[in-house]
Amino acid sequence: MAANQLEGVVQRWRTTEVFKPEDHKLFLNAGHTCVAQDDCTQLLDFIKEEANQHIVRSMGDSIADSIIVLIPLIQSVVLRMSESKARGLALALGSLQKQISKLPVPYSHKQEQEDVYGLCRSCTAVLTFVQPFVQEVKNQDTNSVATKPRAALLKFCMASLREPLLHVQLDREANMTEISPLWNFATEIMAILAVIQESLPKILFYNPLRGKEYTISEKDACHRNESRACIAYLLFVYPVFILQCNMEYINLLLSRKDESWILKRLDLHVKSLERVTDCSLPVELLDLKPFHEVPKNLITIMIECPIQHLRGKSLVVFQLFIEKLNGEAKHTFFRRIMKTSHHAGVESIIIKNIKNQVERYRKSAYEDSWFEETPLISLLRDTIILPQGHETDLLHGMDRVMESLNLLRYLLIQERNNSTGIWIDLCHIADSYTKLLRLCLSMSKSYYRTELKRLREDKKIKAKEFKEAFGKRSVQSLTVKTEMLGNMPCEAQDKVLQCALVTYGLMESLVVRIEEIIEDSQN
């Protein structure tokens with residue numbers, strides 16, 4: 001019934017030159033009815049048919065308006081398809097691409113912001129259209145039934161690189177502080193290529209479209225080369241893309257633990273990052289496999305590599321990578337590392353970076369909402385915790401605990417002096433953390449004092465037999481960092497136990513200072 005309704009409307013409109021607002025509403029109603037009743041094929045056929053293009057263009061005030069109006073309908077149609085979804089996706093993207101290619105390209109940043117002809121809005125809308133299909137492909141294996149959708153998305157990306165991106169002025173450095181829809185479009189297209197596991201060097205230097213899905217004509221070959229020219233431009237002019245390209249090779253160099261391989265990997269990573277503008281890498285990059293694997297492997301080198309200068313260089317690269325992430329990406333990255341690293345030293349680096357970010361954005365004119373108010377509190381709730389509750393090993397987690405206390409103290413002082421509306425939440429986090437920490441400190445101090453007292457009494461009473469009897473005493477099972485006290489000389493054990501108590505004293509002094517700040521502000 002819906003298909004018949006649409007066909008009747010279309011037949012009447014084919015001889016119509018001027019369309020009224022009620023025609024626009026009638027078309028949308030017919031389209032929505034088709035989708036609701038699963039009469040999807042006829043709607044898609046109508047949109048792609050050449051004889052109907054004047055109707056499609058007239059459904060909005062411009063081609064762009066027509067594209068934006070039609071995209072939700074087309075997306076619903078394609079998503080409801082089953083076996084023919086890949087073909088439907090290819091046809092839909094081809095039709096949308098054809099319409100977008102007719103729109104004039106803005107040649108200045110001002111024209112891009114004004115977007116008189118709607119190219120920017122259309123590009124943004126088509127990105128929204130492809131996202132569910134990109135996600136479907138991402139969730140499936142490379143060799144699965146997703147091969148044809150991958151091919152459709154690849155063809156769309158290559159076409160988009162040629163039109164409109166090859167014609168667009170992508171002066172990113174001049175517009176770093178403002179949103180650029182076309183720059184975002186370029187970034188997303190390159191990201192989609194990575195998600196569908198198309199190697200950028202492979203596309204650039206080899207023939208990526210050779211296969212059953214494509215018959216390469218001379219025209220197609222010319223278009224492909226134009227698309228590759230745009231990739232070359234993006235890669236070699238804008239560092240973020242060369243970083244994206246190199247990350248897969250950086251990851252490859254991690255496949256062996258030879259010092260020479262690791263050094264090459266670290267050097268390549270540094271050189272790829274150095275040209276990238278600080279605070280510019282978007283959060284979407286973190287979803288790409290290399291951007292997930294490389295930091296994880298950096299951490300492995302930092303904590304497990306027996307070669308000191310490699311550990312040190314890995315830490316430098318890790319910090320450099322953090323500096324290049326934008327606010328949202330840093331926020332996401334910090335959460336990820338805190339959940340997955342399971343290493344107090346690495347966690348302390350992240351907590352110190354959180355403090356640095358808050359301090360940086362509070363002191364500068366640049367605003368980053370990811371380290372203010374609600375997002376900051378949300379991050380702190382997941383960060384300022386004792387991972388094992390009252391059973392947390394405070395010596396093993398000393399670095400994390402000290403950085404957490406320093407961060408709390410800093411934030412409380414800052415919020416007291418210059419309120420941003422997070423005082424109550426901050427006090428709740430501090431109160432919860434310090435109460436549990438006090439319990440842990442009390443238990444740990446009591447235990448270590450007992451062990452120190454026992455050690456000194458044994459030394460006085462059984463000086464001659466100490467070396468023989470020491471290995472059997474309960475203190476031999478006490479772990480401090482990675483060394484067993486039972487394997488240490490008596491004097492060394494005494495120093496370790498005293499150092500532990502001094503460390504607990506430092507923690508307690510910070511707890512007291514935090515409590516004083518809260519109490520003083522309440523009086």
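The values are calculated or read from the model by the stated rules, or taken from the named source; none is laboratory data. This structure is a prediction, so every number in the text was calculated from the model and none was measured. Cβ coordinates were reconstructed from backbone atoms using ideal geometry, including for glycine residues, and neighbour counts include every protein chain displayed. Surface areas here come from the heavy atoms of the whole protein model, side chains and all, with no ligands, DNA or RNA. Shrake-Rupley method; radii C 1.70, N 1.55, O 1.52, S 1.80 Å.
Accessible area per residue for the range 241-402 in Å², computed with a 1.4 Å probe and the full protein assembly in place, what is it?
Heavy-atom accessible area per residue stands at 46 Å².
Counting other Cβ atoms within 10 Å, which chymotrypsin sites (Phe, Trp or Tyr not before Pro) in the range 319-407 have at most 11 and lie in a DSSP loop?
TYR366
Extending each Cα 7 Å along its Cβ direction at LEU320 and SER446, get the distance between those two points in nm, one decimal.
5.0
Of ILE424, ILE429, which has the most accessible area with a 1.4 Å probe, and how do the rest follow in descending order?
Most to least solvent-accessible, the answer reads ILE424, ILE429.
Please give the charge dipole size of the range 241-402, origin at the Cα centre, charges +1 on K and R Cβ atoms and -1 on D and E Cβ atoms. Round to the nearest 20 debye.
With only Lys, Arg, Asp and Glu charged at Cβ, the dipole is about 320 debye.
At 1.4 Å probe size, with no ligands or nucleic acids counted, give the accessible surface of LYS453 in Å², nearest ten.
Here the accessible area works out near 130 Å².
Where does each of ARG409, ARG275 land when they are ordered by accessible area, with a 1.4 Å probe and the largest first?
ARG275, ARG409
Roughly how many Å² of LEU437 are accessible to a 1.4 Å probe, to the nearest 10?
LEU437 has an accessible surface of roughly 0 Å² with all protein chains in place.
Pairs of alpha-carbon atoms within less than 8 angstrom and 6+ residues apart define the contacts here; what relative contact order does the range 212-280 have, in percent?
27
From largest accessible area down, sort LYS102, LYS271, LYS445; use a 1.4 Å probe on the protein chains.
The ordering from most to least exposed comes out as LYS271, LYS102, LYS445.
Using only alpha carbon pairs under 8 Å that are at least six residues apart, calculate the relative contact order of the range 241-402 and give it in whole percent.
Result for the range 241-402 is 20 percent.
Amide H of LEU281 versus every other amide H placed in the peptide plane: which residues, excluding those fewer than 5 positions away on the same chain, fall under 5 Å?
Close amide H contacts, sequence-distant or interchain: LEU325, ASN326.
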